[in-house]
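Worksheet for the structure shown next.
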Amino acid sequence: MTMYCVPNAANLNIGFVVAINIVAKDGEADAVARILEQLIEPTMAEEGVKFFMPYRSPTDPNAFFIYELYVNEAGWDAHNNSAHFKSAIKELVPKVTTRERVPFVPFTS
């Protein structure tokens, strides 16, 4: 495996990653963006979270991507069971056509 010389880059390759693709229903994209924005602060405050970054496509305003990095899989489980996550998902799910969550672990050769 290629070693990262920059400490910040190396730190981002240690943990449990979840990549999330979301597509908002027509007319719901701004509401989805607000929900995701409101998740940043409480999610980043979680003990098992290293990084949580939502993105919005510049070419398709209904398309969102979230990069989540947890200390380990237990951190992701704790996030999924947090009150702020459950509340956000309850509001989010009716506003989207697609919500795909794919977990990853660091690549090793």
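Values for this structure:
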read-out: Likely footprinting exposure, THR59, THR97, fewest C-beta neighbours within 10 Å first; value: THR59, THR97
read-out: Degrees between helix 83-92 axis and first principal axis of the chain (Cα, 0 to 90, nearest 10); value: 50
read-out: Shape category assigned to the stretch 17-105 from the gyration tensor of Cα positions, a/c cut at 1.5; value: prolate
read-out: Within the chain, longest stretch free of exposed chymotrypsin sites (Phe, Trp or Tyr not before Pro) [DSSP loop, at most 13 other beta carbons within 10 Å]; value: 5-106
read-out: Calculated FRET efficiency for the pair LYS25/ALA74, C-beta based, R₀ 35 Å, to 0.05; value: 0.60
read-out: Between 0 and 90°, nearest 10: helix 29-44 axis offset from the chain longest Cα axis; value: 40
read-out: The stretch 7-99, dipole about Cα centre (Lys/Arg Cβ +1, Asp/Glu Cβ -1), debye to the nearest 20; value: 140
read-out: Over the chain, relative contact order from alpha-carbon pairs under 8 Å, at least 6 apart, %; value: 42
read-out: Listed residues ALA19, LEU69, PRO94: farthest to the positive end of the dipole of the stretch 7-99 (Cβ charges); value: PRO94
read-out: Residue-averaged [θ]222 nm for the chain, counting only DSSP H segments that reach four residues, each worth -39500 (n - 2.57); value: -11000 deg cm²/dmol
read-out: Summed side-chain charge close to ALA88 - residues other than ALA88 whose Cβ falls under 15 Å, Lys, Arg +1, Asp, Glu -1; value: 0
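We did not get these values from a lab; they are worked out from the coordinates using the rules stated. Bear in mind that the values here come from a model prediction, so they are computed numbers and not experimental data. So basically every Cβ, Gly included, is an ideal-geometry build from the backbone, and we count neighbours across all protein chains shown.
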